[in-house]
Structure formats: structure tokens, C-alpha cells
Amino acid sequence: MFNTYQPPVYDYQRSVDQQAGQIAHHPLIIVGAGPIGLAAGLDAGVQGMPALILDDNNTVSVGSRAVCYSKRALEVLDRLGCAGRMVEKGVCWKVGKMFFQDQLVSSFDLLPEAGYSQPAFINLQQYYLEEYMVDRAGELDQVEIRWQNRVSAVEQQGEQVVVSIETPDGPYQLSTDWLIVADGANSSVRSMMGLSMDGRVFRDRFLIADIIMKADFPSERWFSFDPSYHPGQSTLLHSQPDNVWRLDFQLGWDKDPEEEKKPENIIPRVKAMMGEAMEFELEWASVYTFMCRRMERFRHGRVIFAGDAAHQVSPFGARGANSGFQDSDNLIWKLRLVMQGLAPQQLIDSYCEEREFAADENLMNSTRATDFITPKSDVSLQFRNATLALAKQHDFARKLVNSGRLSDPAILSHSSLNTPDADPFDSPMLPGAVMEDAPIEGPKGEGWALQLVDHRFQLLCFCEDATRISAGELQQLSELAESEIPLRPLLVYRRGTPPAAIAAVHDSEGLMAQRYDGRDGSCFLIRPDQHLAARWRSLDCEAVRLALNTATCNL
Amino acid sequence: MTASDKTSGKLNTEANFHHAGEPVTRPYRAGDDLYEALIDSHQGLSDEQSQMLNARLILLLANHIGDLAVLRQALAAARESI
């Protein structure tokens, strides 16, 4: 297998830290060079912090595994400097279609509107994603990856964590201020620490078959309930780069996974689905069961869990890796402020508060999709099939058809870091939501709203006519820029010429004003992870300072 | 349901599940909440008991709707191509 991809081999290299009797110190160590560990490392690197990533292997993901990456994940990866290659290589898509007994019954469009820098979704084999992220890490001096460095023990000693590591040259130890654990669903560090991950195991088996074929189906997600070629079960068809197609077959609990993995058993299933005449080659196959579960707490002292190591969902809805990227996105700026002494450790606890909440939403949606796809009782099956039958004619039933609610950005509307609205706004972008993207014109030409955000907080100040900004307002904004917590005021204007003294962007198509409900004078406080912390109808410096302190646990 | 729907006596088959007074942040959420509650309500029941639950539920909802013109359309739509 693997006709389309040659995995890179990353050589083990002995490091200077591997000297007997010495424990070298690194401020931040990350366990796992999968998508989430790499994202955490890259995020630290782009924010100017050193990060050391340890991985027990010497290559990227074996098999395509996670293939669907959401707009939000790509926005995060774009901030980290590696979304471009992924989007270029990936297959962009936004439409999903659901079939029942071979008839189209429902469909969705995840991004019906234009004016966003990233597509709704791309499909890309996980190994490409990881390879591009490793390449990006190579461009950042502060990020180091040590391959074939397997963590064998973790011990918290006061304000530090001592990590024992096995290598081809034997063992050594390191100490760190913070340990991020992103070593996947079967996290060995989690086991070493005697921590559990509780939830539901589903009694069903699914076969993934990646096949290479030349087919001119549109790049859409096709989900079939009870198709004639695979009666009583469901299937999924999805395209990947290199003419690879992801086929997913629900098998039922009684099937033998070892038998089902054999090519002689896979090929008839593929032929039944794609037709006898279709020519194809088998690229990769896997039989899996799945669980919906999470750790009770994501932080244990100075050890912080992220991605699948902290929470695991069923694959329906692509809520695994896509939520993991939101974990690291949420965590790294907080760690930076804490490590710089600009925020107390409660800010790290807010990572748990926000991402445990998000994990619960992901678990709920993934569990619901699974219950719809694999009904657990006769009455449940009857409701499912009644919904699908009514969906042929009725809009409300189409909306109930659940083949997976695809990953959406967390709306942290209950977060203690938010400042609740005091002024009325007419926009779904509530405090806690991710700021909406939109095309803008900045000093470097045409760009995107999301790309304005660097590692500082941003105060977006909307104004109709940039020429009419008063000296007093400029003075207020420049005083805010001198806050201890780094904050950048940014003028978002519709017309006129902004004064040189302040960073400004032109809302060239008026889409920012529209999506934010940003009227003349409206101000939006944006966190470094692009989530909205607070919004006002007019500038009030005291309110901004208070919101900034609230968003950093500095009250 | 709007006032005009109430007087028009037409069966609403557009998506209508909602949490009264709450902003809609996920378009699928209220429908999925209903679906889960529906399946959960049958938890631990025998087939016969489930049928009884469904029958009672239909009667309760039918009374809530009240308008016989709407209910007859719903009955016809439910019976179609069974």
C-alpha cells in the first residue's frame, strides 16, 4: 500500500542535553509531534517563545487518518504560517449531500457566502498536514523537534516537571516549567500519570478504505443511509488529493476486524459501491471502533492536556483534530502571558474552563450524530427512517437528518474572560465567539481581517470617516497602546484618510461593518486567539482596561 | 409560528424548532435537542410501551395544535407513501 505518498524520515539526533548527571531545563516542552503538538509548538514559536517537541517516532502519520480540516482550523494554521500549502494541496469543499435508499434527501452548504480568507473545509491526508507543519517548524529558530525521544516518566516537582526520555542512545532527563501533552487518544503520558478518560464506547465497527481512482464526482461529502449496495448500514464517500477517495463503510459490531481489513474482503465492498467497471487501487485501509469521552480536567498542576489526549470523539463531524487546533490556539497565548509574568495562573485554568466546555459541545454533537447513524433500538431506528422518509419532501425533516454536524468554531459565550454586553448589538458574533473574517485593505494592500491579529490583544475601532478622528481620540488610543498587557488599537474605516499615528485598515467592501454590526464609534476587544472579549458602541478607555484585565484574569 | 400561519390553517413543514428567546448560534441545535429528547424518552421501554408513548405524544401535540385543518394535512403527509 501507499502508492501516492512517500513519508519523510526525520533522523534521530543526539542533543547536547543528553549528558549523564545533568538535567537541562526548557521553559516549555510538548509531548507529541502530531497535528496538535506541532500546532502548539508553532504557536509558541510565532509568539517568540522557545518550545521543545518530543516525539517517539521518526515520521508523519501512517495512513490518511484525519482528512477534513475546517475553516477555523485553517485560520489558526494560517496564523501559524502554514495554511497556504495545505489549501493549495487540499481539496476544497463545502457541500454535503445525504442519500436514503439511493435517493437524495438532504444537503448542506457550509459557507454559502463569499468574503472569507479560508475555505469552509479542505480534505487533506493527515501526513501532508504534518509534513507541512514540520517544515514550518524548521523555519522557526525557537522550535525544536526531537524525534525518537519517547517519554517514559513524568514527575511534578514543585514548580517544575521532570521528564524522563528514552532514545536510541539511552535515557536522559529534562525539566520544564510547563508540559503540554498532545500524544493522542491513547496518550501514554495520561496513563503514566494514572489519569482516566471516561465516556461512551460505541458497539459498532467502521471500515475506512482509501482508494485511488479517476472519478469525476464533485468534491462533496456524500453520506448514504441504507444504500442498496450496503443494505441496513451507511457509507461515506469523500475526495482527497492525488485521486485518493475516502470510502467509509459501517460494518456492524459482529464483524471481525482482521477479516474485514483483508483486500479480498474490501474489494467486493468497493465494487458494490463504485460499480464493477470502476478501476481502482487500494491505498490504505483500517477498521475502527470509536468512543466519545474526555478527561475530567485538562490541567494537572503544570501538565496540560490538549487534542485527542484530552478528549476523543467519533469521526462524524470532523470534530477531533479541528477541535484540537482550537485547544492549542486557546492555550498558547495564555501560557505566554503567564510565563512573562503578565497574568496569574488562573489564566491557564480558563483554558480548561473554555476548552472543557467546547469538548462537551463536540462530544454532544458527535454522540448525537452517532446515535442517528447507528440507532440503538427499534424505536430509534423507526424515528431515524421516518425522518429520512419525510426529508424527501419536507424542509424541517431535512434539517433533522444528521450525518455529522461539521466542526464549527467554539462560541465561548459563557467564559469568565468575557465582558458581557452593556450596549445592544445585532450580530451573531457574541463575546466569546471568533471574530468574523472579511476582506480589507491595509498598509500592505488587500488582505483579511483575521490576518490583522498578531499575538497582542487588538482593539478594533470602527469609524465612518477616518479623516474626522479627533486629536483627543488619538491620544486615548495611544494611551491604551501603552497598557502593560500588549494591546494594539486598530482603526477600521469606511472612507477618508487615517492619521499616520495609528494603525488603520480600510473596510473596503463594508463587510466588517456588516458582520460585526460595527457602526461609527463601535469598539471590539479581540483576544490573541481572535475570540471577541468585549464590545461597545463607543470608546471608553476605563471599560477597555477593565475588559482587558478580565480577559487576562488580572482583576 | 406567525399569527398569519395560525389563521391560515396551513401545515408548517419548514424547520421550526427553536429555544424561545435565545439567539440561534447553531442552526441545527434546537432540532437536534428535540431529536435527542425524543429518543431519550423511549429509554428502557418495551416496544409496546414505546408505541403507547408515541400515541400519547401525538394526542398531546394534536391538542396543542388544535386546528383540525392543520391536523388533517399532517395526517395526510404522515400517511403518504407508507
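The values are calculated or read from the model by the stated rules, or taken from the named source; none is laboratory data. Fair warning: this is a prediction, and the values are worked out from it, not measured in the lab. Quick reminder, even Gly has a Cβ in these numbers, built from the backbone with ideal geometry, and neighbours come from all protein chains shown. To get the accessible areas, we keep the full protein, side chains included, count just its heavy atoms, and leave off ligands, DNA and RNA. Shrake-Rupley method; radii C 1.70, N 1.55, O 1.52, S 1.80 Å.
Does A:Ala359 qualify as being within 12 Å of chain B (Cβ to nearest Cβ) and either closer than 30 Å to A:Gly184 by Cβ or open to solvent by less than 10 Å² (accessible area, probe 1.4 Å) (or both)?
Against the criterion (within 12 Å of chain B (Cβ to nearest Cβ) and either closer than 30 Å to A:Gly184 by Cβ or open to solvent by less than 10 Å² (accessible area, probe 1.4 Å) (or both)), A:Ala359 does not qualify.
So is A:Gly317 open to solvent by less than 30 Å² (accessible area, probe 1.4 Å), in contact with a Gly (Cβ under 6 Å, 6 or more places away or on another chain) and part of a helix (DSSP H, G or I) or not?
no
Quick grid of which residues meet (1) among the hydroxyl-bearing types (Ser, Thr, Tyr); (2) at positive phi; (3) part of a strand (DSSP E or B):
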{"position": "A:His25", "(1), (2), (3)": "no, no, yes"}
{"position": "A:Leu28", "(1), (2), (3)": "no, no, yes"}
{"position": "A:Ala33", "(1), (2), (3)": "no, no, no"}
{"position": "A:Leu38", "(1), (2), (3)": "no, no, no"}
{"position": "A:Asp43", "(1), (2), (3)": "no, no, no"}
{"position": "A:Met49", "(1), (2), (3)": "no, no, no"}
{"position": "A:Ile53", "(1), (2), (3)": "no, no, yes"}
{"position": "A:Ser61", "(1), (2), (3)": "yes, no, no"}
{"position": "A:Ser64", "(1), (2), (3)": "yes, no, no"}
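Working carefully through the options B:Ile58, B:Ile39, find the one that is within 22 Å of A:Ala389 (Cα to Cα) and open to solvent by less than 60 Å² (accessible area, probe 1.4 Å).
Only one candidate passes the filter, namely B:Ile39.
Return the only residue of A:Leu474, A:Leu452, A:Leu460, A:Leu490 being more than 14 Å from chain B (Cβ to nearest Cβ), out of contact with any His (no Cβ under 8 Å at 6 or more places or on another chain), more than 28 Å from A:Ala83 (Cα to Cα) and in contact (Cβ under 8 Å) with a residue 24 or more places away in the chain.
Just one listed residue meets the conditions, A:Leu474.
Which residues, taken from region A:384-402, are within 30 Å of A:Phe357 (Cα to Cα), more than 7 Å from every other protein chain (Cβ to nearest Cβ) and open to solvent by 20 Å² or more (accessible area, probe 1.4 Å)?
Hit for region A:384-402 is A:Arg398, nothing else.
Residue check, A:Asp141 against (1) crowded, with 19+ Cβ neighbours inside 10 Å; (2) within 19 Å of A:Asp11 (Cα to Cα), all met but one. Which one?
(1)
Give the residue that is surrounded by the fewest Cβ atoms within 10 Å (Cβ to Cβ), with candidates limited to residues of region A:427-454 that are in a strand (DSSP E or B) and on the phi < 0 side of the Ramachandran plot.
Top of the filtered list is A:Glu446.
Looking only at region A:403-426, how many residues end up being within 10 Å of chain B (Cβ to nearest Cβ) and either at positive phi or in contact with a helix residue (DSSP H, G or I) (Cβ under 8 Å, 6 or more places away or on another chain) (or both)?
Matching residues across region A:403-426 total 2.
Output the number of the condition that A:Gln458 fails; it satisfies all remaining conditions of (1) within 23 Å of A:Tyr116 (Cβ to Cβ); (2) open to solvent by 60 Å² or more (accessible area, probe 1.4 Å); (3) among the polar types (S, T, N, Q).
Condition not satisfied by A:Gln458: (2).
Using beta carbons and a limit of 7 Å, which pairs, at least six apart or on different chains, have the first residue in region A:350-367 and in contact (Cβ under 8 Å) with a residue 24 or more places away in the chain and over 28 Å from A:Thr552 (Cβ atoms) and the second one open to solvent by less than 20 Å² (accessible area, probe 1.4 Å) and among the hydroxyl-bearing types (Ser, Thr, Tyr)?
A:Ser366/A:Ser314
In region A:214-250, how many are closer than 23 Å to A:Asn385 by Cβ, in a loop (DSSP other than H, G, I, E, B) and either out of contact with any Leu (no Cβ under 9 Å at 6 or more places or on another chain) or at pLDDT below 95 (or both)?
Result for region A:214-250: 6.
Based on this model, can you work out whether A:Gly447 counts as touching a Leu at 6+ places or on another chain (Cβ under 9 Å) and closer than 27 Å to A:Ser522 by Cα?
Considered against the rule, which asks whether it is touching a Leu at 6+ places or on another chain (Cβ under 9 Å) and closer than 27 Å to A:Ser522 by Cα, A:Gly447 comes out as no.
Considering every residue within region A:369-383, establish whether at least one is in a helix (DSSP H, G or I), touching a Cys at 6+ places or on another chain (Cβ under 8 Å) and within 13 Å of chain B (Cβ to nearest Cβ).
yes
Which residue, of A:Gln312, A:Gln326, is out of contact with any Asp or Glu (no Cβ under 9 Å at 6 or more places or on another chain) and not basic (Lys, Arg)?
Of A:Gln312, A:Gln326, the one residue that is out of contact with any Asp or Glu (no Cβ under 9 Å at 6 or more places or on another chain) and not basic (Lys, Arg) is A:Gln312.
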